[in-house]
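Report on the structure given below.
The values are calculated or read from the model by the stated rules, or taken from the named source; none is laboratory data. Nothing here was measured: the structure is a model prediction, and the numbers come from that model. Positions of Cβ are backbone-derived with ideal geometry, glycine not excepted, and every protein chain shown enters the neighbour counts. Side chains included, ligands, DNA and RNA excluded: accessible areas come from the protein's heavy atoms. Shrake-Rupley method; radii C 1.70, N 1.55, O 1.52, S 1.80 Å.
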Amino acid sequence: MRVLGIETSCDETGIAIYDSELGLLGDALYSQVDVHAEYGGVVPELASRDHVRKTLPLIRQVMEASGTSADQLDGIAYTAGPGLVGALMVGACVGQSMAYAWNVPAIGVHHMEGHLLAPMLEDNPPEYPFVALLVSGGHTQLVKVEGLGEYELLGESLDDAAGEAFDKAAKMLDLDYPGGPRIAQLAESGTQGRFKFPRPMTDRPGLDFSFSGLKTFTLNTVAAHALEDGLPDNQTSADIAFAFQEAVVGTLVIKCRRALKETGFKTLVIAGGVSANIRLREELEAALAKVGAKVFYARHEFCTDNGAMIAYAGCQRLLAGQQSPAAVKVRPRWPMEELPSLNGSSTGNG
Ligand code: KG4
Ligand code: ZN
């Protein structure tokens, strides 16, 4: 089965074609980061308009580059939520219209399920069951995964998501959006041990997260070292970035180990934008090796938003006979636990 995937949930237009026999045939991404940079975050209406401009040209580009004609497509997958409603509507509209025109089924895919399954696109994919740490700009969740569509939420952030915390810390240090990669880069020249940031909610039981206290701690540290221009000197900024990153990574590692212990599973999957963080990968690999467990993640470009993960997830659900009714319906908020299992009913987004 060959499926076209369309991702337009936030500020990236991602298009890909996945074939269940041949694997990923092509993918392309257009990032709107320059459009939103001057505002310090994503402006929803600008995002929708840019998706309108880019979605069809990118689909054409990926179909041509992969040598796929319309009659070779067996289905269309688009992100149906969670995400920005206007942005989601663009992908849903295009996906449903193309499916109708080409007489193939369409499926609305859950964005976080897409992230969760992205490591399946790699050569050595993880096997079920596993614990998934989903860490993006909007979500921080630990999920018990027994199989495709069999998700149990073990814990989540009670306030900011991990990626959001990176973005806010970056803003405090006057770094551009998205802040995660900028903080990571600045932290490379940071000094170990100069600052010690708290690791929130690690001293009590449970698998929930909270990053708002760390945010306040970062703000106070920046303010305490601010020079006349309101910012610390370069080295101090790097030291703060370092301590901040270590605190987020340390917190995530502790909770992942705890989740593996509670479930008895030996496989951890990390997915979503923050799973691109090198320190997180290194620390998890070291910590899990000690308990005979292994961590899996997608290649760098498939950690952040992309069309390949949507094409893959949609393909699995279409193969199982699921499809979405011919209507442009999106869900800006969508608990992943509401997804039907592959033995379940016939719709992907209700
Ligand atoms: O999954 P994603 O592309 O979009 C959402 O679904 O939200 O995640 C974006 C988030 C942003 O908050 C960004 O700062 C963060 O992922 N991020 C990183 C890194 N790369 C992206 N955070 C830490 N380290 C990175 N290398
Ligand atoms: Zn995402």
Practice task
Would you mind telling me which numbered condition in (1) in contact (Cβ under 8 Å) with a residue 60 or more places away in the chain; (2) more than 19 Å from residue 219 (Cα to Cα) residue 157 fails?
Solution key: (1)
Practice task
Tell me, please, whether a residue that is surrounded by fewer than 19 Cβ atoms within 10 Å (Cβ to Cβ) and assigned to a helix (DSSP H, G or I) can be found in region 169-180.
Solution key: yes
Completion exercise
Within region 25-53, of all residues that are of a type in the set (D, E, K, R) and at pLDDT 95 or above, the one least open to solvent (accessible area, probe 1.4 Å) is 50
Problem - Within region 101-144, considering residues that are crowded, with 24+ Cβ neighbours inside 10 Å and more than 25 Å from residue 263 (Cα to Cα), the one nearest to ligand 2 (Cβ to nearest atom) - result: 137
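Return the only residue of 238, 247, 224 being loosely packed, with under 15 Cβ neighbours inside 10 Å and either at negative phi or of a type in the set (Lys, Arg) (or both).
Only one candidate qualifies: 224.
For the condition surrounded by fewer than 21 Cβ atoms within 10 Å (Cβ to Cβ), modelled with pLDDT of 95 or more, of a type in the set (D, E, K, R) and within 15 Å of ligand 2 (Cβ to nearest atom), what is the one hit in 301, 282, 262? Steps first, answer last, please.
Working: 282 fails: within 15 Å of ligand 2 (Cβ to nearest atom); 262 fails: within 15 Å of ligand 2 (Cβ to nearest atom).
Only one candidate qualifies: 301.
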Problem - Top-ranked residue in region 312-335 [being crowded, with 22+ Cβ neighbours inside 10 Å and within 16 Å of ligand 1 (Cβ to nearest atom); ranked as farthest from the chain's Cα centre (by Cα)] - result: 330
Completion exercise
Within region 304-339, restricting to residues that are over 15 Å from residue 81 (Cα atoms), of a type in the set (A, V, I, L, M, F, W, C) and not in a helix (DSSP H, G or I), the one that is nearest to ligand 2 (Cβ to nearest atom) is 320
Problem - Residues of region 145-184 satisfying the condition of being away from ligand 2 (no atom under 16 Å from the Cβ), within 20 Å of residue 253 (Cα to Cα) and either at pLDDT below 95 or not hydrophobic (A, V, I, L, M, F, W, C) (or both) - result: 152, 155, 159
Fill in the blank from the handout: Taking first residues from region 183-209 that are farther than 30 Å from residue 143 by Cβ and second residues anywhere that are open to solvent by 30 Å² or more (accessible area, probe 1.4 Å) and part of a loop (DSSP other than H, G, I, E, B), the pairs with Cβ under 7 Å that are 6 or more apart or on different chains are 186/175
Fill in the blank from the handout: Within region 10-24, of all residues that are buried (at least 21 other Cβ atoms within 10 Å of the Cβ) and not β-branched (Val, Ile, Thr), the one farthest from residue 304 (Cα to Cα) is 18
Exercise for the section: Would you confirm whether any residue within region 285-295 is part of a strand (DSSP E or B), open to solvent by less than 50 Å² (accessible area, probe 1.4 Å) and within 16 Å of ligand 2 (Cβ to nearest atom)? Expected result: no
Problem - Close pairs from region 128-151: first of a type in the set (Gly, Ala, Ser), partner part of a strand (DSSP E or B), Cβ under 7 Å, at least 6 apart - result: 132/143; 132/145; 132/269; 132/271
Exercise for the section: Evaluate region 183-191: report whether one residue or more is touching a helix residue (DSSP H, G or I) at 6+ places or on another chain (Cβ under 9 Å), of a type in the set (Asp, Glu), surrounded by fewer than 21 Cβ atoms within 10 Å (Cβ to Cβ) and under 30 Å from residue 38 (Cβ atoms). Expected result: yes
Practice task
For residue 342, work out the one condition from (1) over 30 Å from residue 182 (Cα atoms); (2) open to solvent by less than 60 Å² (accessible area, probe 1.4 Å); (3) not in a loop (DSSP other than H, G, I, E, B) it doesn't fulfil.
Solution key: (3)
